[in-house]
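The values are calculated or read from the model by the stated rules, or taken from the named source; none is laboratory data. Small disclaimer: the values here were computed from a predicted structure and weren't measured. Using ideal geometry, Cβ is built from the backbone for each residue, glycine included, and neighbour counts are taken over all protein chains shown. Just so you know, the surface numbers come from the protein's heavy atoms only, side chains and all, with ligands and any DNA or RNA stripped out. Shrake-Rupley method; radii C 1.70, N 1.55, O 1.52, S 1.80 Å.
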Amino acid sequence: MADRVTVIGWDGSPLTAAARSALGAATLVAGAPHHLALPEVPRGAERIRLGSAALAARRIAGHRGTAVVLADGDPGFFGVVRTLRAPEFGLEVEVVPAVSSVATAFARAGMPWDDAQVVVAHRRTLRRAVNVCRAHTKVAVLTSPGAGPAELGLLLEGVHRTFVICEELGTEREQVTVVTSDKAADHTWRDPNVVIVMGGPVGPAGIAEGGGWIAGRDPGTGPRGWTLPAEAYGGDLGEGESELLRAAQLARLGPRVGDLVWDIGCGSGAFAAEAARAGAAVIAVDRDLAACARTEAAGRGFGVQLQIVRGTAPYVLENLPEPDVVRVGGGGAAVVSAVADRRPRCIVTHAATRDAAERVGRDLTEHGYLVQCALVQSVELDTRAWTETERSVAFLLSGLLPDRTA
(Lines give C-alpha, C1' and ligand atoms only; values in the text may rest on other atoms or scores of the structure.)
Protein backbone atom coordinates (compact mmCIF):
# COMPACT_ATOMS: atom_id res chain seq x y z
CA MET A 1 0.00 0.00 0.00
CA ALA A 2 1.17 3.53 -0.73
CA ASP A 3 2.92 5.18 2.21
CA ARG A 4 1.05 8.42 1.59
CA VAL A 5 -1.76 9.45 -0.76
CA THR A 6 -2.41 13.11 -1.48
CA VAL A 7 -5.29 14.30 -3.65
CA ILE A 8 -4.68 17.71 -5.21
CA GLY A 9 -7.48 19.76 -6.66
CA TRP A 10 -6.52 22.00 -9.56
CA ASP A 11 -8.57 24.90 -10.90
CA GLY A 12 -6.02 26.25 -13.38
CA SER A 13 -4.30 28.57 -10.91
CA PRO A 14 -0.68 28.02 -9.76
CA LEU A 15 -0.28 25.11 -7.35
CA THR A 16 0.00 25.98 -3.66
CA ALA A 17 3.20 25.33 -1.71
CA ALA A 18 1.56 22.29 -0.06
CA ALA A 19 0.55 20.89 -3.44
CA ARG A 20 4.00 21.45 -4.95
CA SER A 21 5.65 19.78 -1.95
CA ALA A 22 3.45 16.69 -2.16
CA LEU A 23 3.84 16.46 -5.92
CA GLY A 24 7.61 16.85 -5.76
CA ALA A 25 7.90 13.84 -3.44
CA ALA A 26 5.56 11.60 -5.44
CA THR A 27 6.69 8.28 -6.87
CA LEU A 28 3.29 7.74 -8.54
CA VAL A 29 1.08 10.42 -10.08
CA ALA A 30 -2.44 9.81 -11.37
CA GLY A 31 -4.46 12.35 -13.34
CA ALA A 32 -5.89 13.39 -16.67
CA PRO A 33 -3.46 14.02 -19.54
CA HIS A 34 -3.39 17.80 -18.89
CA HIS A 35 -2.52 17.10 -15.24
CA LEU A 36 0.30 14.71 -16.10
CA ALA A 37 1.76 17.36 -18.43
CA LEU A 38 2.25 19.85 -15.58
CA PRO A 39 5.95 20.75 -15.16
CA GLU A 40 5.77 20.02 -11.41
CA VAL A 41 5.21 16.27 -12.03
CA PRO A 42 8.53 14.48 -11.23
CA ARG A 43 10.16 12.96 -14.30
CA GLY A 44 10.87 9.64 -12.58
CA ALA A 45 7.37 9.15 -11.15
CA GLU A 46 5.11 6.40 -12.43
CA ARG A 47 2.21 7.99 -14.30
CA ILE A 48 -1.36 6.71 -14.45
CA ARG A 49 -3.88 8.25 -16.79
CA LEU A 50 -7.02 8.72 -14.70
CA GLY A 51 -9.78 7.11 -16.73
CA SER A 52 -11.32 4.69 -14.25
CA ALA A 53 -11.00 6.00 -10.69
CA ALA A 54 -11.49 2.47 -9.32
CA LEU A 55 -8.65 1.08 -11.47
CA ALA A 56 -6.35 3.91 -10.37
CA ALA A 57 -7.27 3.25 -6.73
CA ARG A 58 -6.25 -0.40 -7.09
CA ARG A 59 -2.92 0.61 -8.60
CA ILE A 60 -2.34 3.11 -5.80
CA ALA A 61 -3.29 0.55 -3.14
CA GLY A 62 -0.63 -1.79 -4.51
CA HIS A 63 2.06 0.89 -4.89
CA ARG A 64 5.03 1.07 -2.52
CA GLY A 65 5.84 4.74 -2.22
CA THR A 66 4.16 8.13 -2.23
CA ALA A 67 1.16 8.70 -4.48
CA VAL A 68 -0.51 11.88 -5.72
CA VAL A 69 -3.84 12.11 -7.52
CA LEU A 70 -4.58 15.28 -9.49
CA ALA A 71 -8.19 16.22 -10.21
CA ASP A 72 -10.01 19.24 -11.60
CA GLY A 73 -11.78 21.52 -9.12
CA ASP A 74 -12.61 20.29 -5.64
CA PRO A 75 -11.90 16.52 -5.59
CA GLY A 76 -14.21 16.10 -2.59
CA PHE A 77 -17.25 17.40 -4.48
CA PHE A 78 -18.51 14.63 -6.81
CA GLY A 79 -14.84 13.77 -7.17
CA VAL A 80 -12.23 11.05 -6.81
CA VAL A 81 -11.95 11.26 -3.01
CA ARG A 82 -15.09 9.14 -2.57
CA THR A 83 -13.66 6.31 -4.67
CA LEU A 84 -10.24 6.41 -3.03
CA ARG A 85 -11.79 6.20 0.43
CA ALA A 86 -14.01 3.23 -0.44
CA PRO A 87 -13.54 0.33 2.03
CA GLU A 88 -12.28 -2.09 -0.62
CA PHE A 89 -9.16 0.00 -1.20
CA GLY A 90 -8.33 0.88 2.41
CA LEU A 91 -6.70 4.21 1.50
CA GLU A 92 -6.29 7.14 3.85
CA VAL A 93 -5.91 10.36 1.89
CA GLU A 94 -4.88 13.94 2.44
CA VAL A 95 -6.73 16.49 0.34
CA VAL A 96 -5.49 19.81 -1.03
CA PRO A 97 -8.75 21.34 -2.32
CA ALA A 98 -9.38 23.89 -5.04
CA VAL A 99 -12.40 25.92 -6.08
CA SER A 100 -15.02 23.54 -7.48
CA SER A 101 -15.88 23.80 -11.16
CA VAL A 102 -19.50 24.49 -10.19
CA ALA A 103 -18.51 27.48 -8.06
CA THR A 104 -16.24 28.70 -10.86
CA ALA A 105 -19.00 28.35 -13.46
CA PHE A 106 -21.45 30.41 -11.41
CA ALA A 107 -18.71 32.97 -10.75
CA ARG A 108 -18.14 33.31 -14.50
CA ALA A 109 -21.90 33.78 -14.92
CA GLY A 110 -21.97 36.32 -12.07
CA MET A 111 -24.75 34.45 -10.28
CA PRO A 112 -25.35 33.04 -6.78
CA TRP A 113 -25.64 29.27 -6.60
CA ASP A 114 -26.89 28.45 -3.11
CA ASP A 115 -30.34 27.99 -4.68
CA ALA A 116 -29.13 25.66 -7.45
CA GLN A 117 -29.47 21.91 -7.80
CA VAL A 118 -26.20 20.16 -8.73
CA VAL A 119 -26.28 16.91 -10.69
CA VAL A 120 -23.78 14.66 -12.44
CA ALA A 121 -24.62 13.47 -15.95
CA HIS A 122 -23.14 10.20 -17.20
CA ARG A 123 -24.68 8.08 -19.92
CA ARG A 124 -26.43 6.00 -17.24
CA THR A 125 -27.71 9.02 -15.27
CA LEU A 126 -28.38 11.45 -18.14
CA ARG A 127 -32.15 10.94 -18.19
CA ARG A 128 -32.45 11.60 -14.45
CA ALA A 129 -30.24 14.70 -14.75
CA VAL A 130 -32.53 15.97 -17.52
CA ASN A 131 -35.56 15.37 -15.28
CA VAL A 132 -33.99 17.57 -12.60
CA CYS A 133 -33.52 20.27 -15.25
CA ARG A 134 -37.20 19.91 -16.18
CA ALA A 135 -38.29 20.26 -12.55
CA HIS A 136 -36.09 23.08 -11.25
CA THR A 137 -35.31 26.64 -12.27
CA LYS A 138 -31.55 26.57 -11.72
CA VAL A 139 -29.42 23.45 -12.14
CA ALA A 140 -25.68 22.94 -12.54
CA VAL A 141 -24.82 19.85 -14.58
CA LEU A 142 -21.38 18.27 -14.32
CA THR A 143 -21.22 16.62 -17.72
CA SER A 144 -19.19 13.79 -19.23
CA PRO A 145 -18.47 12.57 -22.78
CA GLY A 146 -21.73 11.38 -24.32
CA ALA A 147 -23.76 13.22 -21.68
CA GLY A 148 -22.96 16.84 -22.45
CA PRO A 149 -24.75 20.03 -23.51
CA ALA A 150 -25.93 18.63 -26.84
CA GLU A 151 -27.50 15.56 -25.25
CA LEU A 152 -29.11 17.68 -22.52
CA GLY A 153 -30.65 19.95 -25.14
CA LEU A 154 -31.99 17.07 -27.21
CA LEU A 155 -33.67 15.39 -24.24
CA LEU A 156 -35.20 18.68 -23.07
CA GLU A 157 -37.26 18.90 -26.26
CA GLY A 158 -40.46 20.78 -25.55
CA VAL A 159 -39.05 22.56 -22.49
CA HIS A 160 -37.40 25.95 -23.00
CA ARG A 161 -34.25 26.51 -20.94
CA THR A 162 -31.20 28.78 -21.14
CA PHE A 163 -27.78 27.09 -21.05
CA VAL A 164 -24.63 28.76 -19.75
CA ILE A 165 -21.93 26.38 -21.01
CA CYS A 166 -18.50 26.73 -19.41
CA GLU A 167 -15.79 24.83 -21.27
CA GLU A 168 -12.31 23.99 -19.93
CA LEU A 169 -12.59 26.26 -16.90
CA GLY A 170 -9.31 27.49 -15.50
CA THR A 171 -7.31 26.86 -18.66
CA GLU A 172 -6.14 29.10 -21.48
CA ARG A 173 -8.92 27.61 -23.62
CA GLU A 174 -11.70 28.55 -21.18
CA GLN A 175 -14.86 29.71 -22.90
CA VAL A 176 -18.33 30.66 -21.63
CA THR A 177 -21.25 30.50 -24.07
CA VAL A 178 -24.95 31.29 -23.56
CA VAL A 179 -27.43 29.47 -25.82
CA THR A 180 -31.02 28.30 -25.64
CA SER A 181 -31.49 24.59 -24.99
CA ASP A 182 -32.85 23.91 -28.49
CA LYS A 183 -29.63 25.27 -30.04
CA ALA A 184 -27.18 23.31 -27.86
CA ALA A 185 -27.19 20.30 -30.19
CA ASP A 186 -26.04 22.50 -33.10
CA HIS A 187 -22.53 22.84 -31.65
CA THR A 188 -19.60 20.64 -30.65
CA TRP A 189 -18.53 21.31 -27.06
CA ARG A 190 -15.12 20.70 -25.52
CA ASP A 191 -14.66 18.53 -22.44
CA PRO A 192 -14.59 19.08 -19.55
CA ASN A 193 -17.53 21.44 -19.29
CA VAL A 194 -20.18 22.51 -16.80
CA VAL A 195 -23.68 23.54 -17.90
CA ILE A 196 -25.83 25.93 -15.89
CA VAL A 197 -29.46 25.28 -16.88
CA MET A 198 -31.95 28.04 -16.09
CA GLY A 199 -35.55 28.81 -16.86
CA GLY A 200 -39.17 28.56 -15.87
CA PRO A 201 -41.30 30.60 -13.48
CA VAL A 202 -40.27 31.16 -9.88
CA GLY A 203 -43.15 31.38 -7.46
CA PRO A 204 -43.78 30.76 -3.76
CA ALA A 205 -41.64 27.62 -3.79
CA GLY A 206 -38.49 29.50 -4.82
CA ILE A 207 -35.74 30.98 -2.67
CA ALA A 208 -37.01 33.83 -0.54
CA GLU A 209 -35.81 37.35 -1.21
CA GLY A 210 -32.52 37.92 0.60
CA GLY A 211 -31.51 34.24 0.36
CA GLY A 212 -32.52 30.98 1.92
CA TRP A 213 -31.16 28.88 4.76
CA ILE A 214 -30.40 25.60 2.97
CA ALA A 215 -28.59 24.89 -0.29
CA GLY A 216 -30.66 23.82 -3.27
CA ARG A 217 -34.43 23.66 -3.22
CA ASP A 218 -35.83 24.93 0.07
CA PRO A 219 -38.17 22.18 1.38
CA GLY A 220 -39.81 24.56 3.82
CA THR A 221 -41.50 26.96 1.39
CA GLY A 222 -45.09 26.70 0.26
CA PRO A 223 -48.02 25.28 2.20
CA ARG A 224 -47.58 22.23 4.40
CA GLY A 225 -49.13 18.92 3.46
CA TRP A 226 -48.56 16.49 0.61
CA THR A 227 -52.07 17.12 -0.66
CA LEU A 228 -54.15 20.26 -0.28
CA PRO A 229 -57.90 20.86 -0.13
CA ALA A 230 -59.92 21.74 -3.19
CA GLU A 231 -59.93 25.42 -2.23
CA ALA A 232 -56.19 25.60 -2.97
CA TYR A 233 -56.99 24.81 -6.60
CA GLY A 234 -60.01 27.02 -7.05
CA GLY A 235 -62.54 24.51 -5.74
CA ASP A 236 -64.83 22.25 -7.78
CA LEU A 237 -62.36 19.43 -8.45
CA GLY A 238 -63.27 16.67 -10.87
CA GLU A 239 -64.14 13.05 -10.23
CA GLY A 240 -61.12 11.18 -8.92
CA GLU A 241 -59.42 14.29 -7.53
CA SER A 242 -60.54 14.05 -3.92
CA GLU A 243 -57.89 14.95 -1.38
CA LEU A 244 -57.81 11.46 0.15
CA LEU A 245 -57.53 9.74 -3.24
CA ARG A 246 -54.71 12.07 -4.31
CA ALA A 247 -52.87 11.36 -1.07
CA ALA A 248 -53.17 7.61 -1.65
CA GLN A 249 -51.99 7.96 -5.25
CA LEU A 250 -48.96 10.02 -4.21
CA ALA A 251 -48.13 7.46 -1.53
CA ARG A 252 -48.26 4.60 -4.04
CA LEU A 253 -46.16 6.41 -6.67
CA GLY A 254 -43.64 8.08 -4.35
CA PRO A 255 -42.43 10.70 -6.88
CA ARG A 256 -38.97 12.07 -6.12
CA VAL A 257 -36.13 14.14 -7.52
CA GLY A 258 -34.91 12.70 -10.81
CA ASP A 259 -38.24 11.06 -11.68
CA LEU A 260 -40.47 11.93 -14.60
CA VAL A 261 -44.17 11.71 -13.76
CA TRP A 262 -46.96 11.53 -16.30
CA ASP A 263 -50.31 12.86 -15.07
CA ILE A 264 -52.84 11.80 -17.72
CA GLY A 265 -56.18 13.54 -17.39
CA CYS A 266 -54.71 16.23 -15.16
CA GLY A 267 -58.03 18.03 -14.56
CA SER A 268 -57.45 20.86 -12.09
CA GLY A 269 -53.70 20.25 -11.93
CA ALA A 270 -53.87 19.35 -8.23
CA PHE A 271 -52.01 16.02 -8.52
CA ALA A 272 -49.49 17.41 -11.04
CA ALA A 273 -48.62 20.32 -8.77
CA GLU A 274 -48.27 18.06 -5.74
CA ALA A 275 -45.99 15.62 -7.56
CA ALA A 276 -43.85 18.57 -8.68
CA ARG A 277 -43.73 19.90 -5.11
CA ALA A 278 -42.08 16.57 -4.21
CA GLY A 279 -39.23 17.48 -6.59
CA ALA A 280 -40.19 15.35 -9.60
CA ALA A 281 -40.49 16.48 -13.20
CA VAL A 282 -44.10 16.36 -14.38
CA ILE A 283 -45.77 16.18 -17.78
CA ALA A 284 -49.48 16.90 -17.40
CA VAL A 285 -51.76 15.72 -20.21
CA ASP A 286 -55.39 16.62 -20.90
CA ARG A 287 -57.54 17.04 -23.98
CA ASP A 288 -59.57 19.85 -22.42
CA LEU A 289 -58.25 23.39 -22.92
CA ALA A 290 -59.75 24.61 -19.63
CA ALA A 291 -58.07 21.77 -17.73
CA CYS A 292 -54.71 22.68 -19.26
CA ALA A 293 -55.23 26.31 -18.25
CA ARG A 294 -56.13 25.34 -14.67
CA THR A 295 -53.08 23.09 -14.46
CA GLU A 296 -50.83 25.85 -15.73
CA ALA A 297 -52.31 28.20 -13.12
CA ALA A 298 -51.75 25.61 -10.36
CA GLY A 299 -48.10 25.23 -11.30
CA ARG A 300 -47.61 28.97 -11.46
CA GLY A 301 -49.36 29.46 -8.12
CA PHE A 302 -47.08 27.00 -6.33
CA GLY A 303 -43.93 28.00 -8.21
CA VAL A 304 -43.34 24.54 -9.69
CA GLN A 305 -42.37 23.49 -13.20
CA LEU A 306 -45.06 21.67 -15.19
CA GLN A 307 -44.89 20.74 -18.86
CA ILE A 308 -48.46 20.73 -20.15
CA VAL A 309 -49.42 18.75 -23.24
CA ARG A 310 -52.87 19.12 -24.74
CA GLY A 311 -54.13 16.06 -26.55
CA THR A 312 -56.14 12.86 -26.34
CA ALA A 313 -54.59 9.81 -24.70
CA PRO A 314 -53.37 7.30 -25.65
CA TYR A 315 -52.39 8.84 -29.02
CA VAL A 316 -50.68 11.90 -27.53
CA LEU A 317 -48.44 9.70 -25.36
CA GLU A 318 -46.43 8.26 -28.24
CA ASN A 319 -43.90 11.10 -28.45
CA LEU A 320 -43.50 11.79 -24.74
CA PRO A 321 -40.21 10.91 -23.00
CA GLU A 322 -40.09 7.75 -20.90
CA PRO A 323 -41.87 8.05 -17.53
CA ASP A 324 -40.81 6.61 -14.20
CA VAL A 325 -44.27 6.64 -12.61
CA VAL A 326 -47.70 7.45 -14.05
CA ARG A 327 -51.08 8.54 -12.74
CA VAL A 328 -53.99 7.87 -15.07
CA GLY A 329 -56.77 10.21 -14.03
CA GLY A 330 -58.96 9.56 -17.09
CA GLY A 331 -59.26 7.39 -20.16
CA GLY A 332 -59.95 4.02 -18.58
CA ALA A 333 -58.46 0.64 -19.43
CA ALA A 334 -57.31 1.60 -22.94
CA VAL A 335 -55.08 4.37 -21.62
CA VAL A 336 -53.79 2.23 -18.75
CA SER A 337 -52.86 -0.48 -21.27
CA ALA A 338 -50.99 2.02 -23.48
CA VAL A 339 -49.12 3.32 -20.46
CA ALA A 340 -48.19 -0.21 -19.36
CA ASP A 341 -46.64 -0.78 -22.79
CA ARG A 342 -44.10 1.93 -21.89
CA ARG A 343 -43.05 -0.03 -18.75
CA PRO A 344 -42.98 2.66 -16.04
CA ARG A 345 -42.04 1.47 -12.56
CA CYS A 346 -45.50 2.16 -11.12
CA ILE A 347 -48.94 3.08 -12.43
CA VAL A 348 -51.89 4.31 -10.37
CA THR A 349 -55.45 4.88 -11.47
CA HIS A 350 -58.97 4.69 -10.11
CA ALA A 351 -62.28 3.20 -11.16
CA ALA A 352 -65.84 4.04 -10.24
CA THR A 353 -67.12 0.44 -10.32
CA ARG A 354 -65.78 -2.97 -9.39
CA ASP A 355 -66.22 -4.26 -12.95
CA ALA A 356 -64.09 -1.41 -14.31
CA ALA A 357 -61.49 -2.02 -11.61
CA GLU A 358 -61.32 -5.72 -12.52
CA ARG A 359 -60.78 -4.91 -16.21
CA VAL A 360 -57.90 -2.57 -15.41
CA GLY A 361 -56.42 -5.00 -12.89
CA ARG A 362 -56.47 -7.89 -15.38
CA ASP A 363 -54.78 -5.78 -18.03
CA LEU A 364 -52.02 -4.66 -15.66
CA THR A 365 -51.48 -8.28 -14.58
CA GLU A 366 -51.16 -9.36 -18.22
CA HIS A 367 -48.49 -6.68 -18.65
CA GLY A 368 -46.47 -8.21 -15.81
CA TYR A 369 -47.42 -5.76 -13.05
CA LEU A 370 -48.11 -6.70 -9.45
CA VAL A 371 -51.57 -5.26 -8.82
CA GLN A 372 -53.13 -3.89 -5.66
CA CYS A 373 -56.69 -2.61 -5.33
CA ALA A 374 -58.41 -0.86 -2.44
CA LEU A 375 -61.83 0.68 -2.00
CA VAL A 376 -61.20 4.25 -0.86
CA GLN A 377 -64.08 6.12 0.73
CA SER A 378 -64.00 9.61 2.17
CA VAL A 379 -66.77 11.48 3.91
CA GLU A 380 -66.42 15.18 4.61
CA LEU A 381 -68.24 16.56 7.64
CA ASP A 382 -69.33 20.03 8.60
CA THR A 383 -67.83 20.18 12.10
CA ARG A 384 -70.27 22.86 13.22
CA ALA A 385 -73.14 20.39 13.09
CA TRP A 386 -71.19 17.18 12.34
CA THR A 387 -73.28 16.57 9.28
CA GLU A 388 -72.09 14.97 6.06
CA THR A 389 -71.32 17.47 3.28
CA GLU A 390 -69.65 15.31 0.63
CA ARG A 391 -68.98 11.63 0.00
CA SER A 392 -66.43 10.14 -2.41
CA VAL A 393 -65.98 6.46 -3.24
CA ALA A 394 -63.44 5.01 -5.68
CA PHE A 395 -61.46 1.87 -6.36
CA LEU A 396 -57.75 2.71 -6.14
CA LEU A 397 -55.58 0.50 -8.35
CA SER A 398 -51.81 0.41 -8.55
CA GLY A 399 -49.44 -1.72 -10.56
CA LEU A 400 -45.78 -2.20 -9.65
CA LEU A 401 -43.29 -3.59 -12.14
CA PRO A 402 -41.16 -6.15 -10.27
CA ASP A 403 -38.00 -5.61 -12.36
CA ARG A 404 -38.15 -1.81 -11.86
CA THR A 405 -38.37 -1.36 -8.11
CA ALA A 406 -36.07 1.71 -7.90
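General remarks:
- Pair residue 251, residue 381: separation of 7 Å Cα→Cβ label points (nm): 2.0
- Restricting the calculation to Cα atoms, segment 52-94 shows an Rg/Rh of 0.92 when the hydrodynamic-style radius is the Kirkwood one.
- Ordering 172, 318 by accessible surface, largest first, gives 172, 318; the 1.4 Å probe counts only protein heavy atoms, with every chain in place.
- Within segment 37-122, GluC sites (Glu not before Pro) in DSSP loop having at most 13 other beta-carbon neighbours inside 10 Å: 88, 92
- Solvent-accessible surface (1.4 angstrom probe) belonging to residue 373, in square angstrom, nearest 10: 80
- In summary, segment 49-197 shows an alpha-carbon radius of gyration equal to 1.13 times the 2.2 N^0.38 Å reference for compact globular proteins.
- Paired Rg and Dmax values of segment 61-127, which use every Cα atom, in angstrom: 15.1, 45
- Residue 381 sits with roughly 90 Å² accessible to a 1.4 Å probe, with DNA, RNA and ligands left out of the calculation.
- Calculated SAXS-style log₁₀ I(q)/I(0) at q = 0.14, 0.16, 0.22, 0.25 Å⁻¹ - segment 1-46, Debye, Cα scatterers: -0.30, -0.39, -0.77, -1.01
- Every pair of different Cα atoms in the chain enters the Kirkwood calculation, which places the hydrodynamic radius at 23.8 Å.
- Average Cα contact separation per residue, the chain, under 8 Å, 6 or more apart, as relative contact order %: 11
- Per the Kirkwood formula applied to alpha carbons, segment 278-406 shows a radius of gyration over Rh ratio, Rg over Rh, of 1.02.
- At the residue level, residue 198 shows approximately 40 square angstrom of accessible surface with a 1.4 angstrom probe and all protein chains present.
- Restricting the calculation to Cα atoms, segment 285-347 yields a radius of gyration followed by a Dmax of 12.3, 34 Å.
- Candidates 326, 132, 80: whichever shows maximal mean-square fluctuation once the chain is modelled as a Gaussian network with Cα springs under 10 Å: 80
- The H on the amide N of residue 118, modeled in the peptide plane, is under 5 Å from the matching H of 140, each at least 5 residues off or on a different chain.
- Across segment 129-191, Cα-Cα distances exceeding 14 Å account for 53% of all pairs.
- Karplus-derived 3J(HN,Hα) values for segment 176-182, using 6.51 cos²θ - 1.76 cosθ + 1.60 with θ = phi - 60°, are 10, 10, 10, 9, 7, 4, 6 Hz; glycine and proline are entered as x.
- Segment 23-93 - charge dipole about Cα centre, Lys and Arg +1 at Cβ, Asp and Glu -1, debye rounded to 20: 240
- Counting charges near residue 96 (Lys, Arg +1; Asp, Glu -1) among other residues having Cβ under 14 Å from its Cβ returns a value of -3.
- Other residues lying with their Cβ under 14 Å from the Cβ of residue 214 contribute a combined charge of -2, Lys and Arg counting +1, Asp and Glu -1.
- Dipole of segment 252-406 [Lys/Arg +1, Asp/Glu -1 at C-beta], most positive-end residue of 399, 299, 351: 299
- Pairs of Cα atoms farther than 17 Å apart, segment 21-119, %: 55
- Computed over protein heavy atoms with a 1.4 angstrom probe, the accessible surface ordering of 231, 167, 151, largest first, is 231, 151, 167.
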